[in-house]
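Accompanying notes for the structure given below.
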Amino acid sequence: MSKRPSGRDANQMRPVTLTRGYTKHAEGSVLVEFGDTKVICTASVEAGVPRFLRGSGQGWITAEYGMLPRATGERMQREASKGKQGGRTLEIQRLIGRSLRAAVDLRSIGENTIHIDCDVIQADGGTRTASITGACVALVDALGVLKKRGSIKKIPAVQMIAAVSVGIHKGEPVLDLDYLEDSAADTDLNVVMTDKGGFIEVQGTAEAAPFSGDELNAMLALARQGIEQLFAMQTAALQD
């Protein structure tokens, strides 16, 4: 078994931290760090729902995602200055929204909207999976504020959501790819799961040769192992 560029074992996550209450004003805020990938996740509560849900008694959770201009090795132009969001940005924020809507029964939050904002301040691979993992903790805190304000009678049951990347790098399945591995991987797979063991989304792409069923199963097993660790970290963070 060859060592990875970072020196990690194939089944070893990067160091992960979840810092709650990272910003002052948002109802929920978390700085999530997967190694050198750092994302600020905020959850903001707003009374009311989109037009298609008005009068339904159901709430809504939506997400936005973005990268700061110098989150990467070279400065990127802000998408706002271009006048539109890129396809990658739209794909990722839709993924985050879908994932977080699976966390709670939307009827339990009344006609309130929770806006999830994930802002990447430093990118080193796995920004979407880090965003989902951190945003779920921010969402839990925002639900607590809704209860405290009297907007809902009780904090709804939450199905915790976490995500991690896996891939085939130099012929070997590996967990939690950083940028060096992600940019050279034969296969890249993003996995989103619930703490009940269900899959919300599996996004997989073969960059070179197709991957086999056995390789897919090996990657999913690694993802499950990593996500179990993330659930434990989320639980510990919420107990602080």
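The values are calculated or read from the model by the stated rules, or taken from the named source; none is laboratory data. Bear in mind the structure is a predicted one, so any value in this text is a computation, not a measurement. Here Cβ is always computed from backbone atoms with ideal geometry, including for glycine, and neighbour counts include all displayed protein chains. Surface areas here come from the heavy atoms of the whole protein model, side chains and all, with no ligands, DNA or RNA. Shrake-Rupley method; radii C 1.70, N 1.55, O 1.52, S 1.80 Å.
Tell me which residues, restricted to segment 80-102, are open to solvent by 80 Å² or more (accessible area, probe 1.4 Å) and closer than 19 Å to Ser44 by Cβ.
Residues satisfying the conditions are Ala80, Arg94, Arg98.
Taking the condition of being surrounded by 15 or more Cβ atoms within 10 Å (Cβ to Cβ) and small (Gly, Ala, Ser), how many residues in segment 25-78 meet it?
Going through segment 25-78 one residue at a time, the tally reaches 10.
Yes/no per residue for (1) assigned to a strand (DSSP E or B); (2) surrounded by 17 or more Cβ atoms within 10 Å (Cβ to Cβ):
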residue	(1), (2)
Val120	yes, yes
Ala138	no, yes
Gly144	no, no
Lys148	no, no
Lys153	no, no
Pro156	no, yes
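Does segment 64-79 hold any residues that are more than 19 Å from Cys41 (Cα to Cα) and of a type in the set (Gly, Ala, Ser), and which are they?
Within segment 64-79, just Gly73 meets the criteria.
Can you name every one of the strands (runs of 3 or more DSSP E) wholly within segment 161-240 that holds 1 or more residues which are of a type in the set (Gly, Ala, Ser) and crowded, with 22+ Cβ neighbours inside 10 Å?
Those strands (runs of 3 or more DSSP E) span 161-169.
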